[in-house]
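Here's the structure, in structure tokens; my notes come after.
The values are calculated or read from the model by the stated rules, or taken from the named source; none is laboratory data. All figures in this text were calculated on a predicted structure; none of them were measured in a lab. For neighbour counting, all protein chains shown are included, and Cβ atoms are generated from backbone atoms with ideal geometry for every residue, glycine included. These area figures cover heavy atoms from the full protein model, side chains too; ligands, DNA and RNA do not enter into them. Shrake-Rupley method; radii C 1.70, N 1.55, O 1.52, S 1.80 Å.
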Amino acid sequence: MRKFLTIFITLTLIFGMVGCSNTVNTVNSPKGFTVIDSTGAKITFEKLPNKIISLLPSDTEIIYALKAQDKVIGVSNLSNYPDEASKKTQLDSGDKTNIEAIIGLKPDVILISKMTQTQAQVKQLQDAGIKVVVTDPKNIASAYDIINVIGKICGKDKEAGDMVTSMKKDFAMIKEQTKGVAKNKVYLEISPLQYGLWTCGKGTFQQEIMDMCGITNVFSDLNGWKSISEEQVINKNPDIILTTTDANGFSKDPIAEIKSRKNWSNISAIKNNKVFSINVDLISKPGPRLVLGAKALMKAIYGK
């Protein structure tokens with residue numbers, strides 16, 4: 001159970017909560033620039049930051065994708081991509097956050113999630129003269145905004161713009177490829193049976209990507225990430241089952257485990273050997289690898 005709770009907290013860090021989000025934006029000024037974060041707060045910089053801390057794995061990925069990692073002095077200990085990020089100073093977040101350690105690194109700016117850091121922690125950082133930028137994307141559109149904000153902070157405006165343009169182009173191509181295809185009913189499993197089944201519904205990155213790929217999520221009637229029962233899955237009778245649990249270390253062979261479940265043998269996906277594994281990071285972290293996630297879904301569902 002502890003493993004599931006740890007992973008679920010990690011997924012929550014990555015996904016963010018369901019709901020409306022403020023637009024993240026940037027504003028140039030004669031003395032520097034201002035960014036507007038996910039809380040609507042305006043953070044003004046007199047000059048480009050030279051020392052950045054990222055307490056969100058997704059933000060770390062974006063910084064590396066922009067080739068601005070030389071500015072990073074610390075990252076969340078949950079950052080697992082790229083491998084080079086592990087060489088940076090590793091920092092805890094949430095209730096384990098060591099504010100004194102962060103202040104001791106003397107960052108110019110820190111990127112955080114409002115879900116994991118308290119207002120008191122934010123105030124401590126701000127009182128120490130550290131700029132705090134909250135990034136909590138709720139959908140792909142707001143992920144684009146955050147990429148642009150991080151690009152501005154890193155002095156990589158053009159690279160960020162090019163990244164967003166490339167993602168939009170790739171997503172448009174994927175949508176075009178799925179026009180007119182027969183929609184498969186898909187069940188996406190985020191947590192396995194032994195820890196209690198969890199899946200996703202409306203308002204999640206996974207749902208948005210499934211819609212883009214012409215896939216029918218059998219639990220699209222739910223909001224956010226929800227606990228479900230075996231009976232619900234069996235009654236939905238999905239054509240395809242996708243599992244993300246192998247990336248989380250739940251099972252050495254999650255596909256075999258799903259196929260062997262008692263009472264699941266009559267599910268269409270089981271009968272037709274349509275159970276596939278998907279890397280959870282690719283369909284959840286709001287950054288450029290979301291495109292790879294969509295392509296992985298296309299490969300699993302359509303074989304292309």
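Annotations
- Taken over the C-alpha atoms, segment 110-230 has Rg and Dmax values of 18.5, 57 angstrom.
- Rounded to the nearest whole Hz, the Karplus-based 3J(HN,Hα) values (6.51 cos²θ - 1.76 cosθ + 1.60, θ = phi - 60°) of segment 222-239 follow the sequence 8, 10, x, 9, 10, 7, 10, 9, 4, 4, 5, 5, 4, 5, 6, 6, x, 6, with x at glycine and proline.
- Rounded percent of accessible protein surface that carbon and sulfur make up, the chain, 1.4 Å probe: 51 percent
- FRET efficiency estimate (nearest 0.05) - Cβ-Cβ, ASN223 to LYS271, R0 25 angstrom: 0.25
- Whole-number Å³ per residue for the convex hull built on Cα positions in segment 90-167: 101 Å³
- Long-range amide H partners of SER191 with built H, under 5 Å: TRP198
- Rounded, prolate or oblate (a/c below 1.5 giving rounded, otherwise prolate when a/b exceeds b/c) for segment 108-148 by Cα gyration tensor: oblate
- Legend: translational diffusion of the chain by Stokes-Einstein, Rh = Kirkwood radius over C-alpha pairs, 25 °C, 0.890 mPa s; D = 122 µm²/s.
- Across all directions, the shadow cast by the convex hull of segment 35-187 built on its C-alpha atoms averages 10.7 square nanometres.
- The chain: relative contact order as a whole-number percent, Cα under 8 Å and 6+ apart: 16 percent
- A 1.4 Å probe run over the chain, with the rest of the protein chains in place, finds 46 Å² accessible per residue.
- Spacing of the modelled spin labels on ASP92 and TYR302, each 7 Å from Cα toward Cβ, amounts to 4.6 nm.
- In this label model, LYS295 and ALA182 are separated by 2.8 nm, measuring between points 7 Å along each Cα→Cβ vector.
- For ASN223, distant residues with modelled amide H under 5 Å away: LYS202
- Computed on segment 106-243, with alpha-carbon pairs under 8 angstrom and 6+ residues apart, the relative contact order is 20 percent.
- The residues LYS156, LYS295, sorted by heavy-atom accessible surface at 1.4 Å with ligands and nucleic acids left out, run LYS295, LYS156 from largest to smallest.
- Kyte-Doolittle mean at least 0.0 and Cα axial length at least 20 Å: DSSP H helices in the chain: 140-154
- Candidate residues LEU197, LEU48: accessible-area rank, largest first, probe 1.4 Å: LEU48, LEU197
- Net length available on complete extension from LYS202 to GLU84 is 39.1 nm, with 0.36 nm assigned per residue and the Cα-Cα distance removed.
- Mean ellipticity per residue at 222 nm, deg cm²/dmol - from DSSP H runs of n ≥ 4 across the chain, formula -39500 (n - 2.57): -11000 deg cm²/dmol
- Cross-link table LYS88/LYS168; LYS169/LYS259; LYS123/LYS226; LYS71/LYS158; LYS67/LYS175; LYS47/LYS168, entries beyond 25 Å C-alpha to C-alpha: LYS88/LYS168; LYS169/LYS259; LYS123/LYS226; LYS67/LYS175; LYS47/LYS168
- Sorted largest first by accessible area at a 1.4 angstrom probe radius, with every protein chain in place, the residues TYR81, TYR64 fall in the order TYR81, TYR64.
- Using a Förster distance of 51 Å, the FRET efficiency for ILE234-LYS47 (Cβ separation, nearest 0.05): 0.30
- Whole-Hz ³J(HN,Hα) from phi, Karplus 6.51 cos²θ - 1.76 cosθ + 1.60, for segment 89-100, glycine and proline x: 4, 8, 10, 7, 10, x, 6, 9, 4, 9, 4, 4
- Model label sites at LYS168 and LYS262, defined 7 Å from Cα along the beta-carbon direction, differ in position by 5.4 nm.
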